[in-house]
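Undergrad: My structure is below; once you've seen it, I'll send some questions.
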Amino acid sequence: MMAGGLANPQIIAHLEKSLDYTIFDVKWVPCSARFVVVGSHARGTGAMQVFEMGQKELILSKKYEKKESIKCCTFGATALQDRHLATGNFSGKMETFDLEKADMPVYSVQAHKEIINCIDGCGGLGIGIGAPEIVTGSRDGTVKVWDVRQDNDPVALMAPKDTESKRDCWAVAFGNAYTESERVVAAGYDNGDVKLFDLRSMSVRWETNLKNGICGLQFDRKDILMNKLVATSLESKFVTFDMRTHHEKQGYPSVTEKAHKSTIWGVRHLPQNRDVYMTLGGNGSVCLWKYNYPKERTKQDKDGVEMGVAGTVDQVQNVVLGTQPISGFDWSPDKEGLCVCSGFDQTVRVCIVTRLKSL
């Protein structure tokens, strides 16, 4: 469903800057007006740059070049006072850096045999409870969970069985971290598989296939009882799952939408409102969505077994920001509506989304 008009939230490009390398990911530095950009120089080395917002332009404040190209990054497992950035690179290394002196990593491990495609963190930034952990997904088909307080060995490893062919893992996300012991990892693969790993029981809790490669995954909140999970994919589709009620035969209820007329590279939920999220398009556009809960979130099937009911999704706004895919996006956790995004047109943009409180 499409909504338009000036009464709706507007997406305004506030500041932008062209860079001389391919940008893969971008994240706000917690509790600051700065953000970090990571990517790959044409010569195959890694780029890591920190920008701060000036009145009329973006100002480069820190610049580092790494031996290997950097594919993804997260602050999700760091303490607020440290603000260490965790990165995954093209050679399979997972490293954390202090951005004030990032010439050498604080922590480094050869996490995978091939490129790390995706990374997420949990237990940091004062959000939720439980150990600070980082999850990485790789082309080698494995998903691994790391505790940077322990050297070398992952605290959890999810790998295909010897009889299964390995699939390229494109997306990972933490969720359900509402107690010290509860935590799950959702992983998405190039063949359309979505798997939910329970880290407490070390088992596959649920799996499904969306028929197209999974480019992005995110729970609406990491630190609550599982509520919603959004999966974006190739062929312009994204699926919103209601994760509260699981049915043995039907699984989790879901609603599917089409957008962007291209690959949907990722999804990011608004920190201040978990029912609002942005999807990132391969055509250079971003779309803002609002999830609406049904009147009743559960019903009984013909056998009297409780099953979930999916809600609806409304498109609130969409805007074309560039000519190339939007590769990275991050909402500011501190200022509602402030966001930063990167594209394969080698440009980073700070945008403002207005009237979010009206949703």
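Undergrad: All but one of (1) within 30 Å of Thr245 (Cβ to Cβ); (2) in a strand (DSSP E or B) hold for Lys302; which doesn't?
TA: The single condition Lys302 does not satisfy is (2).
Undergrad: Could you please find all residues in region 316-339 being within 15 Å of Gly39 (Cα to Cα) and of a type in the set (A, V, I, L, M, F, W, C)?
TA: Selection gives Ile326, Phe329.
One line per residue, one yes/no per condition, for (1) part of a strand (DSSP E or B); (2) open to solvent by 30 Å² or more (accessible area, probe 1.4 Å); (3) within 23 Å of Arg268 (Cα to Cα); (4) of a type in the set (Gly, Ala, Ser):
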residue	(1), (2), (3), (4)
Cys118	yes, no, yes, no
Gly124	no, no, yes, yes
Gln150	no, yes, no, no
Lys161	no, yes, no, no
Thr179	no, yes, no, no
Ser201	no, yes, no, yes
Arg205	yes, yes, no, no
Gly216	yes, no, yes, yes
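Undergrad: Follow-up question, since we're still on this one. Report, by residue number, each residue of region 181-199 that is part of a strand (DSSP E or B) and farther than 18 Å from Cys118 by Cβ.
TA: Residue satisfying the conditions is Asp198 alone.
Undergrad: What is the number of the single condition among (1) surrounded by fewer than 16 Cβ atoms within 10 Å (Cβ to Cβ); (2) within 14 Å of Pro253 (Cα to Cα); (3) hydrophobic (A, V, I, L, M, F, W, C) that Val320 does not meet?
TA: Of the numbered conditions (1) surrounded by fewer than 16 Cβ atoms within 10 Å (Cβ to Cβ); (2) within 14 Å of Pro253 (Cα to Cα); (3) hydrophobic (A, V, I, L, M, F, W, C), the odd one out for Val320 is (2).
Undergrad: Could you please find all residues in region 82-94 being open to solvent by 30 Å² or more (accessible area, probe 1.4 Å), assigned to a strand (DSSP E or B) and within 16 Å of Lys27 (Cβ to Cβ)?
TA: Matches in region 82-94: His84 only.
Undergrad: Only residues that are among the charged types (D, E, K, R), surrounded by fewer than 16 Cβ atoms within 10 Å (Cβ to Cβ) and either within 19 Å of the chain's Cα centre (by Cα) or not in a loop (DSSP other than H, G, I, E, B) (or both): list them for region 95-110, please.
TA: Hit for region 95-110 is Asp98, nothing else.
Undergrad: In region 9-46, how many are over 20 Å from the mean Cα position of the chain (by Cα), open to solvent by less than 20 Å² (accessible area, probe 1.4 Å) and among the small types (Gly, Ala, Ser)?
TA: The number of residues fulfilling the criteria is 1.
Undergrad: Here's another thing I want to ask about it. Picking from Lys222, Lys237, which residue would you name as being free of Cβ contacts under 8 Å to residues at least 60 places away in the same chain, open to solvent by 40 Å² or more (accessible area, probe 1.4 Å) and not aliphatic (A, V, I, L, M)?
TA: Lys237
Undergrad: On to the next question. Scan region 50-68 for residues that are surrounded by fewer than 19 Cβ atoms within 10 Å (Cβ to Cβ), in contact (Cβ under 8 Å) with a residue 24 or more places away in the chain and within 24 Å of Gly284 (Cα to Cα) and report the count.
TA: Qualifying residue count for the region: 3.
Undergrad: Please work out if Ala79 is within 20 Å of the chain's Cα centre (by Cα), open to solvent by 20 Å² or more (accessible area, probe 1.4 Å) and not polar (S, T, N, Q).
TA: The answer is yes for Ala79.
Undergrad: Regarding Asp140, is this residue assigned to a loop (DSSP other than H, G, I, E, B), modelled with pLDDT of 95 or more and out of contact with any strand residue (DSSP E or B) (no Cβ under 8 Å at 6 or more places or on another chain)?
TA: Spelling it out, Asp140 is indeed assigned to a loop (DSSP other than H, G, I, E, B), modelled with pLDDT of 95 or more and out of contact with any strand residue (DSSP E or B) (no Cβ under 8 Å at 6 or more places or on another chain).
Undergrad: Quick check: is even one residue across region 54-61 in a loop (DSSP other than H, G, I, E, B), at pLDDT 95 or above and of a type outside the set (Asp, Glu)?
TA: No, there is no match, as no residue in region 54-61 is in a loop (DSSP other than H, G, I, E, B), at pLDDT 95 or above and of a type outside the set (Asp, Glu).
Undergrad: Also: Is there a residue in region 247-262 that is part of a loop (DSSP other than H, G, I, E, B), among the polar types (S, T, N, Q) and touching a Lys or Arg at 6+ places or on another chain (Cβ under 6 Å)?
TA: No, region 247-262 has no match at all.
Undergrad: Another question, then. Quick test of your reading of the structure: Ala47 fulfils all but one of (1) touching a Gly at 6+ places or on another chain (Cβ under 8 Å); (2) touching a residue at least 40 places away in the same chain (Cβ under 8 Å); (3) of a type in the set (A, V, I, L, M). Name the failing condition by number.
TA: If we test Ala47 against (1) touching a Gly at 6+ places or on another chain (Cβ under 8 Å); (2) touching a residue at least 40 places away in the same chain (Cβ under 8 Å); (3) of a type in the set (A, V, I, L, M), just (2) comes out false.
Undergrad: Please find, among Asp98, Asp120, the residue that is of a type outside the set (Phe, Trp, Tyr) and in contact (Cβ under 8 Å) with a residue 40 or more places away in the chain.
TA: Just a single option satisfies the conditions, and that option is Asp120.
Undergrad: Collect the residues in region 336-359 that are touching a residue at least 40 places away in the same chain (Cβ under 8 Å) and open to solvent by 40 Å² or more (accessible area, probe 1.4 Å), keeping them in residue-number order.
TA: Those that are touching a residue at least 40 places away in the same chain (Cβ under 8 Å) and open to solvent by 40 Å² or more (accessible area, probe 1.4 Å): Glu336, Phe344, Asp345, Gln346, Ile352, Arg355, Ser358, Leu359.
Undergrad: Further question: Say whether the condition of being surrounded by 15 or more Cβ atoms within 10 Å (Cβ to Cβ) and within 17 Å of Trp331 (Cα to Cα) is met by at least one residue in region 257-265.
TA: Yes, there is a match, as at least one residue in region 257-265 is surrounded by 15 or more Cβ atoms within 10 Å (Cβ to Cβ) and within 17 Å of Trp331 (Cα to Cα).
Undergrad: Out of region 225-234, which residues are under 22 Å from Val145 (Cβ atoms) and open to solvent by 50 Å² or more (accessible area, probe 1.4 Å)?
TA: The answer is Leu225, and nothing else.
The values are calculated or read from the model by the stated rules, or taken from the named source; none is laboratory data. Not measured: the values here are computed from a predicted model. When we count neighbours, we look across all protein chains shown, and the Cβ atoms used for this are built from the backbone with ideal geometry, even at glycine. Accessible surface is based on the protein model in full, side chains and every heavy atom, while ligands, DNA and RNA are left aside. Shrake-Rupley method; radii C 1.70, N 1.55, O 1.52, S 1.80 Å.
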